[in-house]
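Worksheet: the structure to be examined is printed underneath.
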Amino acid sequence: MKALIDKLHQYNNLSGGEMLDLLENLDEDIRKYLISKAHETRVKHYGKKVFMRGLIEFTNYCRRNCKYCGLRVSNKKVQRYRLSFEQIIATCEQGYRLGYRTFVIQGGEDEFYNDDNIISIVKKIKTKFPTCAVTLSLGEKSYESYKKYYDAGAERYLLRHETASEELYDSLHPGMSFRERVQCLYNLKEIGYQVGAGFMVGLPNQTNRDYVQDLQFLQELQPHMVGIGPFIPHKDTPLAKETRGTLDKTITLLAIIRMLLPEVLLPATTALGTIDPFGREMGLKAGANVVMPNLSPVEVRDKYALYDDKVCTGEEAAECRECIDNRIMQAGFETDMSRGDSIQWERR
Ligand code: SAM
Ligand code: SF4
């Protein structure tokens with residue numbers, strides 16, 4: 001197995017069969033070796049920097065019905081909220097004062113905000129904070145809508161593919177289609193965005209073969225960012241009784257992704273911090289180089305409940321910033337508050 005890891009480290013490539021072999025035959029020693037090689041790769045390309053993104057969860061209304069997500073339209077127990085235009089801008093102002101230079105505007109697929117509303121939000125942020133990057137994460141939209149947001153100044157878009165196994169994808173997303181999701185990702189790339197794909201780990205019935213498909217999909221798409229995190233059940237969804245994804249598997253996949261896409265921006269996600277108190281730190285040590293502290297007003301934090309027991313819902317933005325800073329330092333890394341664009345995208 002070490003020879004396979006060396007190959008991955010040196011050539012940033014493995015065949016599907018080799019990926020499966022690696023995933024099926026990892027003991028504790030081999031996993032440690034994998035993590036150390038992923039860390040080397042990260043240091044080579046990014047040093048010890050960890051980029052910070054300020055996350056603004058601006059609406060928890062959603063028209064979709066993803067079976068795993070607490071915000072799904074069929075969940076009538078959620079207290080829904082929307083941040084106003086003014087609240088979104090005020091949240092960015094506070095983030096700016098705290099040093100953030102990337103704002104991630106994320107929400108459910110909420111038709112209350114039409115294209116013009118999104119464009120106004122993007123334009124306002126870009127005029128007020130011209131040195132900041134705007135990342136959108138609003139789900140599936142038409143090519144034309146994505147293009148309008150891009151022309152308004154949004155430069156990054158996060159849209160996880162969730163799972164690259166078409167059958168598994170379709171079973172979890174009533175009324176949606178894997179092909180359309182993939183088309184959205186290619187549209188975003190074509191328009192010129194820095195694109196983030198990604199998947200969940202530990203979904204019901206997900207196998208190592210499915211992860212191989214995820215890894216191969218990422219190799220094909222060559223996204224600038226990859227967001228992966230464990231699936232965590234939410235009590236008011238059809239998957240309430242399922243088992244959550246594991247720390248080991250998520251860390252293993254983070255390490256493999258770091259070596260397959262050595263320049264990728266790879267967050268240590270909140271979900272990882274939810275399944276283990278030191279999950280994010282372990283993610284950073286396995287090749288992750290981004291964290292996304294929450295800037296949303298504290299009153300709405302617990303309403304953006306994708307899954308149960310989400311961490312960091314009680315702290316003010318400033319406390320979050322300080323806490324994450326300390327965690328990054330204690331894990332042996334350095335906080336970087338710059339825009340932190342993808343190296344691959346900067347070279348275009
Ligand atoms: N609505 C947009 C979308 O789906 O792309 C953006 C917001 S959505 C809440 C962000 C991500 O949350 C999804 O891509 C999904 O991977 C993740 N998520 C949702 N429910 C989850 C759960 N139960 N466990 C872990 N991650 C979850
Ligand atoms: Fe809506 Fe996104 Fe949740 Fe699916 S994952 S229900 S699209 S918020």
(Q) Among the residues in segment 242-252, are any within 10 Å of ligand 1 (Cβ to nearest atom), farther than 22 Å from Ser342 by Cβ, at pLDDT 95 or above and of a type in the set (A, V, I, L, M)? (A) no
Q: Report, by residue number, each residue of segment 172-206 that is out of contact with any helix residue (DSSP H, G or I) (no Cβ under 9 Å at 6 or more places or on another chain) and surrounded by fewer than 20 Cβ atoms within 10 Å (Cβ to Cβ).
A: Pro174, Gly175, Glu180
Q | Tally, over segment 1-22, of residues that are part of a helix (DSSP H, G or I) and either open to solvent by less than 50 Å² (accessible area, probe 1.4 Å) or touching a Leu at 6+ places or on another chain (Cβ under 8 Å) (or both) | A | 10
Q: Could you check, for segment 175-188, whether at least one of its residues is assigned to a loop (DSSP other than H, G, I, E, B) and of a type outside the set (Ser, Thr, Tyr)?
A: yes
Q: Could you list, in sequence order, all residues of segment 237-260 that are within 16 Å of ligand 2 (Cβ to nearest atom), open to solvent by 40 Å² or more (accessible area, probe 1.4 Å) and more than 22 Å from Pro277 (Cα to Cα)?
A: Pro238
**Q.** Residues (within 16 Å of ligand 1 (Cβ to nearest atom) and open to solvent by 10 Å² or more (accessible area, probe 1.4 Å)) located in segment 214-226
**A.** Phe217, Met225
Q | Complete set of residues in segment 172-206 that are at positive phi and within 13 Å of ligand 2 (Cβ to nearest atom) | A | Gly175, Gly198
Q.
Residues that are open to solvent by 10 Å² or more (accessible area, probe 1.4 Å) and within 16 Å of ligand 2 (Cβ to nearest atom), at least 3 per element: which strands (runs of 3 or more DSSP E) completely within segment 72-171 meet that?
A. none
Q.
Would you confirm whether or not segment 143-166 contains a residue that is of a type in the set (Val, Ile, Thr) and farther than 30 Å from Lys241 by Cβ?
A. no
Q.
Every residue in segment 270-285 that is of a type outside the set (A, V, I, L, M, F, W, C) and crowded, with 23+ Cβ neighbours inside 10 Å, please.
A. Arg280, Gly283
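Just to be sure I understand, how many residues within segment 286-319 are of a type outside the set (A, V, I, L, M) and surrounded by fewer than 21 Cβ atoms within 10 Å (Cβ to Cβ)?
Total satisfying the criteria: 14.
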Q: Please find, within segment 37-65, the residue that is most open to solvent (accessible area, probe 1.4 Å) out of those that are more than 30 Å from Asn75 (Cα to Cα) and part of a loop (DSSP other than H, G, I, E, B).
A: Lys48
(Q) What's the number of the only condition in (1) within 16 Å of ligand 2 (Cβ to nearest atom); (2) part of a helix (DSSP H, G or I); (3) under 17 Å from the mean Cα position of the chain (by Cα) that Tyr211 fails to meet? (A) (1)
Q: Kindly indicate the residue of segment 122-141 that is in contact (Cβ under 8 Å) with a residue 60 or more places away in the chain and within 16 Å of ligand 1 (Cβ to nearest atom) and also nearest to Leu295 (Cα to Cα) among those meeting that condition.
A: Thr135
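Quick check, is Leu306 in a loop (DSSP other than H, G, I, E, B) and closer than 18 Å to Gly196 by Cβ?
Taking the combined requirement at face value, the residue satisfies it.
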Q: Assess whether Asp336 counts as being under 19 Å from Met282 (Cα atoms), away from ligand 1 (no atom under 16 Å from the Cβ) and buried (at least 16 other Cβ atoms within 10 Å of the Cβ).
A: yes
(Q) Condition first: over 29 Å from Leu172 (Cβ atoms), basic (Lys, Arg) and over 21 Å from the mean Cα position of the chain (by Cα). Now tell me which residues in segment 68-113 satisfy that. (A) Arg97
Q. Does any residue in segment 48-68 that is touching a residue at least 24 places away in the same chain (Cβ under 8 Å) come within less than 8 Å, Cβ to Cβ, of a residue that is of a type in the set (Asp, Glu) and near ligand 1 (Cβ under 10 Å from one of its atoms) six or more places away or on a different chain, and which pairs are these?
A. Thr59/Asp110; Tyr61/Asp110; Cys62/Glu109; Cys62/Asp110; Arg63/Glu109; Arg63/Asp110; Arg64/Glu109; Cys66/Glu162
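The values are calculated or read from the model by the stated rules, or taken from the named source; none is laboratory data. Keep in mind it's a predicted model, so treat the numbers as computed, not measured. A quick note on method: Cβ atoms are made from the backbone with ideal geometry, for glycine too, and the neighbour counts reach across all protein chains shown. Quick note on the areas: whole protein, heavy atoms, side chains included, nothing else; ligands and nucleic acids left out. Shrake-Rupley method; radii C 1.70, N 1.55, O 1.52, S 1.80 Å.
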